[in-house]
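**Q** I'd like to ask some things about the structure below.
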Amino acid sequence: MEALLCRKLGDPTVSVEDENSPIIISKNHPIPQLDSPTSVRVRIKATSLNFANYLQILGKYQEKPHLPFIPGSDFSGIVDSVGSNVTNFRVGDPVCSFAALGSYAQYLVVDQTQLFRVPEGCDLVAAGALAVAFGTSHVGLVHRAQLKSGQVLLVLGAAGGVGLAAVQIGKACGAIVIAVARGAEKVQLLKSMGVDHVVDLGNENVTESVKEFLKVKRLKGIDVLYDPVEASS
């Protein structure tokens, strides 16, 4: 199979045609085999690039895999093969998930407990970018913050992947969502998603804009602040 292989740590933006590139395209990489009775092999349809993948190739991520390794985390695809004890999936099922490594390849093996079935009508390419961004925001807002209907959610960096996921999850939870982004195009995108109030960092003061919105709506304050940007201290 073909796979994107990280052979050494370095700048992943260097072209693979450059001899100094840390990554190469392996044309004859071994196809992974089922490694347990509950494992599932997926033929990858789509995968996405996350900041964590970039950091892994640079060698600056908290988890440092042994070289060489296949980067890549979230993915979607079609079930290609199943273990003898797999009960949740069959060959041909559309699925998506994320893995610590390995999605930048044509095939990936995971346990059935790690997979999600892609609903009928959902685009597989879109599903390939779902797990990391939406999973991150779902854990943060639903499990940790326990966001409830009627609460006020403020999302910083709301036009990024994780931020957009947070906005949608917030609305699905019934929260009043305030989003912060920069630029008219991003502001319009957020408004089109039903955000209750959008602050444009390019020409507005965040504190003043949020306070005015809360005052007009007679709201007491922010219940949950979600910051996926994490500026350096």
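**Q** About the Cα centre of the stretch 146-226, how large is the charge dipole given +1 on each Lys and Arg Cβ and -1 on each Asp and Glu Cβ? Please answer in debye to the nearest 20.
**A** Around 260 debye, computed over the stretch 146-226.
**Q** To the nearest 0.05, what FRET efficiency results for ARG7 and PHE116 with a Förster distance of 41 Å applied to their C-beta separation?
**A** For R0 = 41 Å, the calculated efficiency reads 0.85.
**Q** A further question follows. Quick one: what does P(r) look like for the stretch 86-151 with 5 Å bins over all Cα pairs, in whole %?
**A** The distribution over the stretch 86-151 is 3, 13, 22, 22, 18, 12, 6, 3, 1, given as percents.
**Q** If you average the sequence gap of Cα pairs under 8 Å that are 6 or more apart and divide by the length of the chain, what percent do you get for the contact order?
**A** This gives 16 percent for the chain.
**Q** Okay, moving on. Placing unit charges on C-beta atoms (Lys and Arg positive, Asp and Glu negative, everything else neutral), compute the dipole magnitude of the chain about its Cα centre in debye, rounded to 20.
**A** Dipole about the Cα centre, nearest 20: 600 debye.
**Q** With a 10 Å Cβ neighbour count serving as the proxy for reagent exposure, in which order, fewest first, do TYR226, TYR107, TYR61 appear?
**A** In order of increasing Cβ crowding within 10 Å: TYR61, TYR107, TYR226.
**Q** Under 12 Å between alpha carbons, and skipping anything fewer than 8 positions from LYS148 in its own chain: which aspartates and glutamates qualify?
**A** Partners within reach: ASP223.
**Q** For the stretch 146-226, count the residues as N, evaluate 2.2 N^0.38 Å, and divide the Cα radius of gyration by that value, please.
**A** On the way: Rg = 11.4 Å, N = 81, 2.2 N^0.38 = 11.7 Å.
Rounded to two decimals, the normalised Rg is 0.98.
**Q** Tell me, in nm to one decimal, what length is gained between THR207 and ALA52 on full extension, where the rule is 0.36 nm per residue of separation less the Cα-Cα distance? List each step's numbers first, then the result.
**A** Values: separation 155, 0.36 × 155 = 55.80 nm, distance 3.05 nm.
Taking THR207 through ALA52 to full extension adds about 52.8 nm, to one decimal.
**Q** Please report, in whole Å, how far the alpha carbons of the stretch 184-233 spread along each principal axis, starting with the longest.
**A** 31, 30, 20
**Q** Would you please name the GluC sites (Glu not before Pro) within the stretch 132-233 that are DSSP coil residues with at most 12 other C-beta atoms within 10 Å of their C-beta?
**A** In loop regions of the stretch 132-233 (DSSP not H, G, I, E or B), the sparsely surrounded GluC sites (Glu not before Pro) are GLU230.
**Q** Just the number, please: percent antiparallel of the DSSP beta bridges in the chain, rounded to the nearest 5.
**A** Roughly 70 percent of the DSSP beta bridges within the chain come out antiparallel.
**Q** Restricting the calculation to Cα positions, tell me the Rg (one decimal) and the Dmax (whole number) of the stretch 3-129 in Å.
**A** Values for the stretch 3-129 (Cα only, Rg and Dmax): 15.0, 46 Å.
**Q** Between ILE24 and THR87, what's the calculated FRET efficiency when r is the beta-carbon distance and R0 is 35 Å? Round to 0.05. Please list the in-between numbers first.
**A** Details: r = 38 Å, r/R0 = 1.10.
Efficiency, from the Cβ-Cβ distance: 0.35.
**Q** Here's something else I'd like to know. ³J(HN,Hα) across the stretch 126-139 via Karplus (A = 6.51, B = -1.76, C = 1.60, θ = phi - 60°), whole Hz, x for Gly/Pro?
**A** In residue order, the calculated couplings are 5, 5, x, 10, 8, 5, 6, 5, 6, x, 4, 6, 5, 5 Hz.
**Q** Of VAL40, ALA127, SER26, whose Cα points farthest to the positive end of the dipole of the stretch 3-129 (charges on the beta-carbon: +1 Lys, Arg; -1 Asp, Glu; origin at the Cα centre)?
**A** VAL40
**Q** My understanding is that a pair violates if its Cα-Cα distance is over 31 Å; which of LYS60/LYS211; LYS186/LYS217; LYS27/LYS186; LYS60/LYS191 do that in this structure? Mind dumping the intermediate values first?
**A** Numbers: LYS60/LYS211 38 Å; LYS186/LYS217 23 Å; LYS27/LYS186 39 Å; LYS60/LYS191 35 Å.
Beyond 31 Å: LYS60/LYS211; LYS27/LYS186; LYS60/LYS191.
Read-outs throughout are calculated quantities, based only on the coordinates presented, and are distinct from any laboratory measurement. All values reported here derive from a predicted model rather than from experimental measurement. Heads up, the Cβs are rebuilt from the backbone with ideal geometry, glycines too, and the neighbour counts pull from every protein chain shown.
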